[in-house]
Amino acid sequence: MENNYSVGFVTDWLVTYAGAEKVLSELVQIYPDADLYSVIDFLSDKDRQKIGNKRAITSFAQNLPRVKKKYQNYLPLMPLAIEQLDVSAHDVVLSSSHAVAKGVLTGPDQLHISYVHSPIRYAWDLQHQYLRGAGLDKGLKGSLAKYLLHKMRLWDYRTAKGVDHFIGNSQFIARRIHKVYGRKADVIYPPVNVDRFMLNENKEEFYFTASRMVPYKRMDLIVEAFAAMPDKKLVVIGDGSEMEKVKRLAKPNIEILGFQDDATLVDYMRRAKAFVFAAEEDFGISPVEAQACGTPVIAFGKGGALETVRPLGVAQPTGLFFDAQTVPSLVAAVERFEQNRDAITAADCRLNATKFSEARFRQEMRQYVDAKWQAFNESKQIIY
């Protein structure tokens with residue numbers, strides 16, 4: 001179907017290929033002729049292929065010293081940078097935002113739809129956690145950081161008025177959008193490449209987890225819990241700042257493989273009896289990928305996992321939740337899984353995962369933008 005409107009994409013920054021860039025790659029398939037804008041663009045050639053080899057129109061931030069490696073240090077300048085991007089040539093502006101992209105300036109005859117991965121986490125409800133983790137909760141530097149985040153919140157709240165329609169990547173984020181901006185958000189779940197995961201009904205006797213080893217992912221909690229269950233094997237894939245801590249907590253029943261290639265990760269995910277997930281994520285792609293393999297999920301019962309995992313007690317369950325990020329809570333959940341393992345089938349896990357496919361995302365996004373554009377045009381008609 002031909003577009004009857006011109007589209008421009010706006011992203012926060014293009015440095016690595018992660019969840020926001022995955023959304024962008026699917027938008028490019030819907031609107032291959034759209035222009036791309038970002039405060040900076042340092043994508044590798046390999047990652048750029050995933051977004052249709054598009055190169056972004058960038059801001060002055062592209063030329064700041066050491067910005068490729070230290071772009072987060074320039075956060076106070078990012079609101080100014082995003083406002084310098086001229087998107088006036090487009091009828092529809094689609095921003096993919098977890099920081100500043102939604103603050104791009106648009107006019108009254110432009111439709112701005114913002115797909116929000118989260119309002120700026122470190123400026124709103126996760127500010128205190130962020131400051132503690134960065135060692136900025138005390139002292140002069142801490143006071144300056146708090147002031148800058150205060151200014152960021154004022155800017156972030158004000159620029160929400162420039163968005164015509166918000167889309168949250170989960171009901172959890174839709175609630176956060178309402179809390180922060182006082183705006184209703186529709187929900188379109190992000191795309192997950194479920195087709196690269198083949199169903200496997202023959203499970204082996206080990207549990208599996210995989211993630212970046214950073215504090216909020218709580219890989220330490222998972223390892224500590226399985227250290228308390230020496231009769232249960234756990235395989236861990238991932239690397240990061242928490243690696244040494246995780247290694248110190250490990251016992252002989254826990255195999256820590258560090259970073260592995262994608263094929264190895266998928267192989268373990270397919271063979272595991274269950275995937276363990278302890279983070280509070282906005283959406284959380286890993287639990288969906290595990291289910292695509294037919295692997296049940298044991299997840300912390302907050303955030304996006306509540307929307308992607310069907311717990312014991314409902315029809316066609318695909319996993320279960322633990323209530324607190326504590327060792328006893330996770331241990332109890334593993335025991336409950338062992339007792340009810342036969343109630344969860346690999347086929348039901350796979351079926352649930354297909355609800356989050358790439359094709360579903362493209363269809364929902366295209367229909368949504370078309371409908372909003374039609375309504376936007378009708379609202380502009382002058383009746384004499």
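The values are calculated or read from the model by the stated rules, or taken from the named source; none is laboratory data. Here the structure is a predicted model, which means the values were calculated and not measured. For neighbour counting, all protein chains shown are included, and Cβ atoms are generated from backbone atoms with ideal geometry for every residue, glycine included. Protein only, heavy atoms only, side chains kept; ligands, DNA and RNA dropped before computing areas. Shrake-Rupley method; radii C 1.70, N 1.55, O 1.52, S 1.80 Å.
Given (1) without any contact (Cβ under 8 Å) to a residue 40 or more places away in the chain; (2) within 19 Å of Pro215 (Cα to Cα); (3) acidic (Asp, Glu), where does Asp342 come up short, assuming only one miss?
Condition not satisfied by Asp342: (2).
Does Thr318 fit the bill of being at pLDDT 95 or above and either over 25 Å from the mean Cα position of the chain (by Cα) or open to solvent by 10 Å² or more (accessible area, probe 1.4 Å) (or both)?
no
Six or more apart or on different chains, Cβ under 8 Å: which pairs go from a residue in the stretch 258-271 that's farther than 13 Å from Ala290 by Cβ to one that's of a type outside the set (Ser, Thr, Tyr) and open to solvent by less than 50 Å² (accessible area, probe 1.4 Å)? Could you list them?
Gly258/Ile237; Gly258/Gly238; Gly258/Met243; Phe259/Ile237; Phe259/Gly238; Gln260/Ile237; Thr264/Ile237; Thr264/Leu257
Test Asn3 against the criterion of being assigned to a loop (DSSP other than H, G, I, E, B) and either outside the structural domain of Pro119 (by the TED database) or at pLDDT below 95 (or both), and give yes or no.
So Asn3 fits the description; yes.
List, please: which pairs have Cβ atoms under 6 Å, are six or more places apart or on different chains, and start with a residue in the stretch 303-314 that is within 10 Å of Gly284 (Cα to Cα) and end with one that is assigned to a helix (DSSP H, G or I) and among the hydrophobic types (A, V, I, L, M, F, W, C)?
Matching pairs, first to second residue: Gly303/Phe172; Gly304/Phe172; Thr308/Val288.
So, of the residues in the stretch 128-169 that are at negative phi and in a loop (DSSP other than H, G, I, E, B), which turns out to be most open to solvent (accessible area, probe 1.4 Å)?
Once the filter is applied, the top-ranked residue is Lys138.
Has the stretch 200-222 got at least one residue that is open to solvent by less than 70 Å² (accessible area, probe 1.4 Å), free of Cβ contacts under 8 Å to residues at least 24 places away in the same chain and of a type outside the set (Phe, Trp, Tyr)?
No, the stretch 200-222 has no match at all.
Just give me the residues in the stretch 95-105 being closer than 22 Å to Val15 by Cβ and open to solvent by 10 Å² or more (accessible area, probe 1.4 Å), in sequence order.
Residue satisfying the conditions is His98 alone.
Yes/no per residue for (1) under 20 Å from the mean Cα position of the chain (by Cα); (2) open to solvent by less than 60 Å² (accessible area, probe 1.4 Å); (3) of a type in the set (A, V, I, L, M):
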{"position": "Val288", "(1), (2), (3)": "yes, yes, yes"}
{"position": "Phe300", "(1), (2), (3)": "yes, yes, no"}
{"position": "Val309", "(1), (2), (3)": "yes, yes, yes"}
{"position": "Val314", "(1), (2), (3)": "no, no, yes"}
{"position": "Asp323", "(1), (2), (3)": "no, no, no"}
{"position": "Leu330", "(1), (2), (3)": "no, yes, yes"}
{"position": "Ala346", "(1), (2), (3)": "no, yes, yes"}
